[in-house]
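The values are calculated or read from the model by the stated rules, or taken from the named source; none is laboratory data. In this text the structure is predicted, and so the values were computed from the model without any measurement. Note that each Cβ is placed from the backbone with ideal geometry, even for glycine, and that neighbours are counted across all protein chains shown. Calculation scope for accessible area: heavy atoms of the full protein, side chains included, ligands and nucleic acids excluded. Shrake-Rupley method; radii C 1.70, N 1.55, O 1.52, S 1.80 Å.
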Amino acid sequence: EILTWCFVFCFKFSHAGYAYCGACAAHAYKQIDPTGIKRIFVLGPSHHYYLTKCAITKTTQYDTPLYPLNIDTEINEELLKTGKFDKMSQSVDEDEHSIEMHLPYIAQIMSSRSPDSFTIVPILVGALGFKDEQMYGEIFSQYLIDPENLFVISSDFCHWGKRFRFTYYEKSFKHIFSSIEALDRKGMDLIEQLDSTGFHNYINKYQNTICGRHPIGVLLHAIDAVKRKQTSNMKLKFLNYAQSSQCLTANDSSVSYAAGVFSLSTS
């Protein structure tokens with residue numbers, strides 16, 4: 001049996017982010033059994049640098065408060081040979097938090113292993129169109145089916161409030177925070193259904209401010225590609241949902257978080 005775990009969960013832009021999202025993210029990370037993992041892909045959205053492709057790091061190590069994590073330079077070379085990946089500059093790499101915030105979690109869950117027994121593959125995901133998500137999904141599908149690989153998908157859910165320029169409110173709900181959760185769960189349901197087209201249409205319809213929508217889209221298309229190649233048992237389930245605060249008035253703001261796990265098995 002092949003078993004591959006992927007995690008879709010959230011982070012906060014603030015330097016105090018772990019106080020908001022740390023407990024939620026832990027619901028996903030605690031599912032990981034480090035035994036047998038040799039490579040960890042981390043797909044995170046680009047916040048500070050505009051690109052329409054995906055990019056890899058130029059470095060050979062990422063530092064963490066626990067110990068350095070080694071970059072898989074061989075996989076990076078494989079990805080570069082496709083002609084579909086750029087390289088991040090050092091400043092872009094250092095400024096992006098969507099990958100960085102997961103590194104201490106990875107170091108901790110892999111702490112029972114020698115740091116030289118596994119590698120990481122950080123991928124910065126740009127503003128991709130639907131066809132581009134399909135293309136990158138096809139590329140990553142070959143790695144998704146490898147039982148020695150772990151995928152981490154970095155995202156949050158709704159950023160709500162005037163400062164985020166997003167104030168969607170379904171007035172059938174008494175409270176704004178309930179409307180936000182209902183909107184988020186519409187997207188979460190489509191992700192659980194592994195519905196790449198449905199999730200894309202949901203984003204277009206509601207414009208929900210899910211900053212990791214493209215990494216999530218790439219994962220869903222990678223799953224589609226695996227389905228075309230082989231018969232597999234796949235399941236994605238969300239384990240936890242949280243909001244940084246409960247919005248009651250139009251002057252409030254919040255960010256939503258969710259933690260989930262994806263499993264793939266085949267005889």
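Counted over the range 40-157 with a bin width of 5 Å, the fraction of Cα pairs per bin, in whole percents, is 2, 11, 22, 26, 21, 12, 5, 1. In a simple Cβ point-charge model (Lys, Arg +1; Asp, Glu -1; nothing else charged), the range 117-267 has a dipole of about 400 debye relative to its Cα centre.
In the distance distribution for the chain, Cα-Cα pairs more than 26 Å apart total 38 percent. Taking Cβ atoms as reference points and 13 Å as the exclusive limit, the residues near GLU77 contribute a net charge of 0, counting Lys and Arg as +1 and Asp and Glu as -1.
At the residue level, ASP63 shows approximately 120 square angstrom of accessible surface with a 1.4 angstrom probe and all protein chains present. Once Lys and Arg get +1 and Asp and Glu get -1 on their Cβ, which of ILE153, SER111, TYR136 lies farthest toward the positive end of the dipole of the range 90-156? Most positive-ward Cα: SER111. Note on LYS84: lysines with a C-alpha under 23 Å away, same-chain residues under 8 apart excluded, are LYS53, LYS58, LYS131, LYS227, LYS229.
Taking the Cα centre of the chain as the origin, how large is its charge dipole in debye, to the nearest 20, when only Lys and Arg (+1) and Asp and Glu (-1) carry charge on their Cβ atoms? Could you put the intermediate results ahead of the total?
Details: 25 positive and 28 negative charges, 161 e Å.
Value, rounded to 20: 780 debye.
Net charge of the neighbourhood of PHE157, taken over other residues with C-beta under 11 Å away and scored Lys/Arg +1, Asp/Glu -1, is 0. Partners of LYS174 within straight-line reach, counting lysines whose Cα lies under 29 Å from its Cα and excluding those fewer than 8 residues away in the same chain: LYS12, LYS162, LYS186, LYS205, LYS237. Taking every alpha-carbon pair within the range 128-232, the share separated by more than 18 Å comes to 52 percent. Only helical runs count toward this figure. For the chain, summing -39,500 (n - 2.57) over DSSP H runs of n ≥ 4 and dividing by all residues gives -11000 deg cm²/dmol at 222 nm. Which of these, ASP116, ASP252, ASP146, has the largest mean-square fluctuation under a Gaussian network model of the chain (Cα springs below 10 Å)? Fluctuation is largest for ASP116.
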